[in-house]
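Q: Sharing a structure, written as structure tokens. Questions coming.
The values are calculated or read from the model by the stated rules, or taken from the named source; none is laboratory data. What you see is a predicted model; the values in this text were computed from it and never measured. Here the Cβ is made from the backbone with ideal geometry for all residues, glycine too, and neighbour counts use every protein chain on show.
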Amino acid sequence: MAEKRVEKEVERQTPDIREDIDGVKCHTLAPGITTHPLIRSGKPCIKGTGLKVTDIVALQTFHNMKPPDIANHYEIDLAQVNDALNYYAAHTDYIDTDIQLDSLNDVQLSEAQYGTRPDSILSRRKPVP
């Protein structure tokens, strides 16, 4: 005679949004630095925030801010700023290229004529009586 099999009820847990978003887990790149394809286009961020490593580096490089000042500016811990700067030190080429691409995109967007119509379209409009 076959034994009756009893299955345990599976306890369902809701995923932690910081670790699992839409079935995709955050990847830890370094201590305090994570990435996720749905957060900041997958760019390296400080864990638990949407603050990109490039943001921290830009303040230090272009605005000559010290780590304590950056921490106060973004209202984060000094350890988080140091994690971002340590990640930058290990991946300088990648982060510098990312900053250059961001600045190039900013220039292209500022030079674009979005939202304006050519004069030829406006000249065909009939005046309103």
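Q: Might you let me know whether the range 30-49 holds any residue that is in contact with a helix residue (DSSP H, G or I) (Cβ under 8 Å, 6 or more places away or on another chain) and in contact (Cβ under 8 Å) with a residue 60 or more places away in the chain?
A: Checked the range 30-49: at least one residue is in contact with a helix residue (DSSP H, G or I) (Cβ under 8 Å, 6 or more places away or on another chain) and in contact (Cβ under 8 Å) with a residue 60 or more places away in the chain.
Q: Determine whether the range 67-82 contains at least one residue that is crowded, with 20+ Cβ neighbours inside 10 Å and over 17 Å from the mean Cα position of the chain (by Cα). Before you say what the answer is, go through the steps one by one.
A: Residues of the range 67-82 crowded, with 20+ Cβ neighbours inside 10 Å: 70, 80-81.
Now narrow it down to the ones that are over 17 Å from the mean Cα position of the chain (by Cα): 70.
Yes, some residue in the range 67-82 is crowded, with 20+ Cβ neighbours inside 10 Å and over 17 Å from the mean Cα position of the chain (by Cα).
Q: Among the numbered criteria (1) β-branched (Val, Ile, Thr); (2) touching a Ser or Thr at 6+ places or on another chain (Cβ under 9 Å); (3) modelled with pLDDT of 95 or more, which single criterion is violated by Val81?
A: Going through (1) β-branched (Val, Ile, Thr); (2) touching a Ser or Thr at 6+ places or on another chain (Cβ under 9 Å); (3) modelled with pLDDT of 95 or more one by one, Val81 breaks only (2).
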